[in-house]
Amino acid sequence: MPRFVTIGYGDRAGYERTDSAVRDASHQHDERLRGEGALIGVAGQPVQVRNHDAQGLHTKAGPFLSSDLPIAGFAVIEASTLEEVVSLVSKTPCAVAHGVVEVWPLESLT
């Protein structure tokens, strides 16, 4: 079955202004996805890693990309189609709490 990486963006302000019943339902939805095998996690602090031309490792704390909202979490979800995974993530906390979720198809797994 195809797999998709999802990246959720959101902040505390958007989360807190979302009705608690909507938030609770979205967390229950996440638990159902976990129960079906989705790998879901809250984002920690990122580290950039570079090793250009395999000539030396360089790291830098912090995100490489920037956006209006911070990255809040990630998931790897199996779904039959892009439409199915879009439907699934539309009920997650970042999608319902004034954030956004990106969906990236994994085109090959090694």
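Quick note: the coordinates plus some simple rules give every number you see, no bench work behind them. Keep in mind that what you see is a predicted model, and the values were worked out from it rather than measured. Heads up, the Cβs are rebuilt from the backbone with ideal geometry, glycines too, and the neighbour counts pull from every protein chain shown.
Highest mobility in the GNM of the chain, judged by mean-square fluctuation with C-alpha springs under 10 Å and restricted to Gly56, Gly35, Gly44, is found for Gly56. In terms of overall dimensions, the C-alpha atoms belonging to the chain reach 52, 36, 20 Å along their principal axes, ordered largest to smallest. Positive end of the charge dipole of the chain (Lys, Arg +1 and Asp, Glu -1 on Cβ, about the Cα centre): tell me which of Ala61, Tyr15, Ala75 has its Cα farthest that way. The listed residue farthest towards the positive side: Ala61. Applying a DSSP loop filter and a limit of 12 other Cβ atoms within 10 Å to the chymotrypsin sites (Phe, Trp or Tyr not before Pro) in the stretch 1-71 leaves Phe64. Applying a DSSP loop filter and a limit of 11 other Cβ atoms within 10 Å to the GluC sites (Glu not before Pro) in the stretch 7-81 leaves Glu36. Annotation: extensible slack from Val86 through Val47 equals 11.2 nm (criterion: 0.36 nm per residue apart, minus Cα-Cα distance).
Phi angles across the stretch 83-100 convert, under the Karplus curve 6.51 cos²θ - 1.76 cosθ + 1.60 with θ = phi - 60°, into 3J(HN,Hα) values of 4, 5, 5, 4, 4, 5, 6, 5, 10, 8, x, 5, 5, 8, 9, 6, x, 8 Hz, Gly and Pro given as x.
Close amide H pairs (under 5 Å, H built 1.01 Å from N) link Gly73 with Gly8, Ala43, residues at least 5 positions away or on another chain.
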